[in-house]
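Bear in mind that the values in this text are calculations on the coordinates, not laboratory data. Keep in mind that what you see is a predicted model, and the values were worked out from it rather than measured. FYI the Cβ positions are ideal-geometry reconstructions off the backbone, even for glycines, and counts take in every protein chain you see.
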Amino acid sequence: MKRKILIGFVGVVALLGAAPFVVKPQKVSQAAIESSVVRTPALLERAWALPTASAFRHELVGQSNGSLCGPSSLANTFRSLGEAATSEDEVLAGTGLCWTGMCFMGLTLDQLGEVARHHTSRKVTVLRDLTPEAFREHLRQSNDPRLRYVVNFTRKAIFGAGGGHHSPIGGYLEAEDLVFVLDVNRDFGPWLVQRARLFAAMDTLDGSRKRGMLRIE
């Protein structure tokens, strides 16, 4: 029986591998990254000095594969808060999700919220259907080191290509109206983006529901 399950699983993987257009969004070029967001050293240095970002201590651990942006975001966030689950494996332990080491099609925002609640006694809130004004207020609050936010957005709205993604928010440079996104994909690294552009990328559908943010307090 186990052999049949294994063979079936390998077959599914082979099928998905043979049809990358089904599971892999178009890759974002390095040129598109550089032209789409702000990575000026001086501004990044200021962003890393924000109260919440500084709790990450420049120790952002990248996702181990393209499907694990959600668990990786939680692992980095929990590490910054001094929680116990500080790796992808620890974050997923006991949840029954992604047991193959892959989260096929990724985790939804609601699934990520449940995973977070499994490993912390802190209050975890799913925020969606936000207005631009409410989004700005949450960004202001993201500078409170007692709070953490993980944003779910589509890369396509910012970079012109790519799919859905999760990453922690390191804070908000309000005077410049720039959001500091601690991107867990090593190809991107941390970047700053205009608030309105991140809102547009977040205010999109993932299946039948809007994307949004997790708030951990």
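For the range 151-215, which semi-axes, largest first and in whole Å, follow from the square roots of 5 times the eigenvalues of its Cα gyration tensor? Write down the numbers at each step before the final one.
Numbers: eigenvalues 64, 36, 26 Å².
Semi-axes from the Cα gyration tensor: 18, 14, 11 Å.
The residues HIS58, HIS166, when put in order of fewest to most other Cβ atoms within 10 Å, stand as HIS58, HIS166. The Cα center of the range 143-176 and the Cα center of the range 186-201 differ in position by 6 Å.
Taking the average, over residues, of other Cβ atoms within 10 Å as the packing measure, peptides 179-187, 155-163, 126-134 rank 179-187, 155-163, 126-134 from highest down. Counting other Cβ atoms within 10 Å as a rough exposure proxy, the listed residues THR77, THR154, THR100 run THR100, THR154, THR77 from fewest neighbours to most.
Applying D = kT/(6 pi eta Rh) to the chain, where Rh is the Kirkwood radius over alpha-carbon pairs, T corresponds to 10 °C and eta to 1.306 mPa s, the Stokes-Einstein value obtained is 90 µm²/s. For the chain, the cysteines with no partner cysteine C-beta closer than 4.7 Å are CYS69.
What the phi angles of the range 51-63 give under the Karplus curve with 6.51, -1.76 and 1.60, with θ = phi - 60°, is a coupling list of x, 6, 4, 5, 5, 7, 6, 6, 10, 7, 9, x, 5 Hz, glycine and proline written as x. Counting only Cβ charges, +1 for Lys and Arg and -1 for Asp and Glu, the dipole size of the chain around its Cα centre is about 540 debye. In sequence order, the range 172-179 has phi-based couplings of 9, 8, 5, 4, 8, 6, 10, 9 Hz under the Karplus curve 6.51 cos²θ - 1.76 cosθ + 1.60, θ = phi - 60°, and Gly or Pro positions carry x. Based on DSSP H segments of at least four residues, each scored -39500 (n - 2.57), the chain has a per-residue ellipticity at 222 nm of -11500 deg cm²/dmol. Could you work out which residue, out of LEU139, LEU97, LEU178, moves most in a Gaussian network model of the chain, that is, has the largest mean-square fluctuation with Cα springs under 10 Å? Taking springs between Cα atoms under 10 Å, the residue moving most is LEU97.
The C-alpha atoms of the chain define a longest principal axis, and helix 109-119 lies at about 90 degrees to it.
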